[in-house]
1. Specify the residue with the greatest mean-square fluctuation among His28, His238, His122, computed from a Gaussian network of the chain linking alpha-carbon atoms under 10 Å apart.
2. Are there GluC sites (Glu not before Pro) in the range 104-190 that DSSP puts in a loop and that have at most 11 other Cβ atoms within 10 Å, and which ones?
3. Treating the beta-carbon of each Lys and Arg as +1 and of each Asp and Glu as -1, no other charges, what is the dipole magnitude of the range 179-255 about its Cα centre, to the nearest 20 debye?
4. Output the antiparallel fraction of DSSP beta bridges having both residues in the chain, as a percent to the nearest 5.
5. Specify the residue with the greatest mean-square fluctuation among Pro88, Pro77, Pro19, computed from a Gaussian network of the chain linking alpha-carbon atoms under 10 Å apart.
6. Probe 1.4 Å, all protein chains in place: accessible area of Tyr247 in Å², nearest 10?
7. Just from its helices, what would the mean residue ellipticity at 222 nm be for the chain, if runs of 4 or more DSSP H residues each count -39500 (n - 2.57) and the sum is divided by every residue, rounded to the nearest 500 deg cm²/dmol?
Amino acid sequence: MTGSARRRTGDSRYGGRVPLVAAAVCPHPPLLVPEVAGSAAPELDDLRAACDTAVRRLLATDPDIVVLLGTGPVTGPIRTPASGSLQPWGVDLDVPLMPGQLDRGAVLPLSLTIGAWLLARHDTRPQVTAVQVAADAGPAELAALADEVGAAGDRVASLVLGDGSACRGEKAPGYDDARALPYDQGVAAALADADLDALLDLDPVVSTELKAAGRAPWQVLAGAARAAGGGWRGELLHDSAPYGVAYFVASWERV
């Protein structure tokens, strides 16, 4: 993101409100859902537990709205009702954005389908909205979307879905790339420290080459956090690459 875009995002104050109060960062592999993973489900038990902890902390901040944010085919909000499906991964399971909705409505991309599934594992459910960002979104789109996320309510919490590089080893989806490990180490450190500059400085070209699906959502989160002002406390709850794809789980709170 360019400096001018950062300044534009950072100068927004939404009439003096501090909308974004917390965030959770989780990955979105279909295998996170036990029905999809089948006999391999126990391999990701630690990852699921970390995601549950991050979402539980998010909901404990008592937001009036939770914004699901992840990659999709285009950039912008998804109208409700909306639902995702895990049929492409061999499981006849629909995942509604909100429990009890009467029809499927708009289609959620995989990232937001997994986000809705993670939220559904918890009893406390505030209003939920979904926002997708194109993987190749540029600085202007990211800055505008950060404004939208922050302006979604009076107390906004965001569940941000995104994977790291997919090039960690010869069996990884993107094969082996020597740049992948240092890239992922930088992302992990940025999420642990709530380092907004480090996330905003992620190179979109390198991120695409490493098949890092989280780059754009992480940068929207960083822009929204900067717009909210004040300091942020981060904690990295999980960091692994079991299938050659980096999975991070982090919890952020405004301080």
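1. Of His28, His238, His122, the Gaussian network model singles out His122 as fluctuating most.
2. Glu170
3. Charge dipole, the range 179-255, about its Cα centre: 180 debye, nearest 20.
4. Roughly 45 percent of the DSSP beta bridges within the chain come out antiparallel.
5. With Cα springs under 10 Å in the chain, the top fluctuation among Pro88, Pro77, Pro19 is at Pro88.
6. Approximately 10 Å² of Tyr247 is accessible to the 1.4 Å probe.
7. One gets -10500 deg cm²/dmol as the mean residue ellipticity at 222 nm.
The values are calculated or read from the model by the stated rules, or taken from the named source; none is laboratory data. Everything numeric in this text was worked out from a predicted model, so none of it was measured. A quick note on method: Cβ atoms are made from the backbone with ideal geometry, for glycine too, and the neighbour counts reach across all protein chains shown. Note: areas computed on protein heavy atoms with side chains; ligands, DNA, RNA excluded. Shrake-Rupley method; radii C 1.70, N 1.55, O 1.52, S 1.80 Å.
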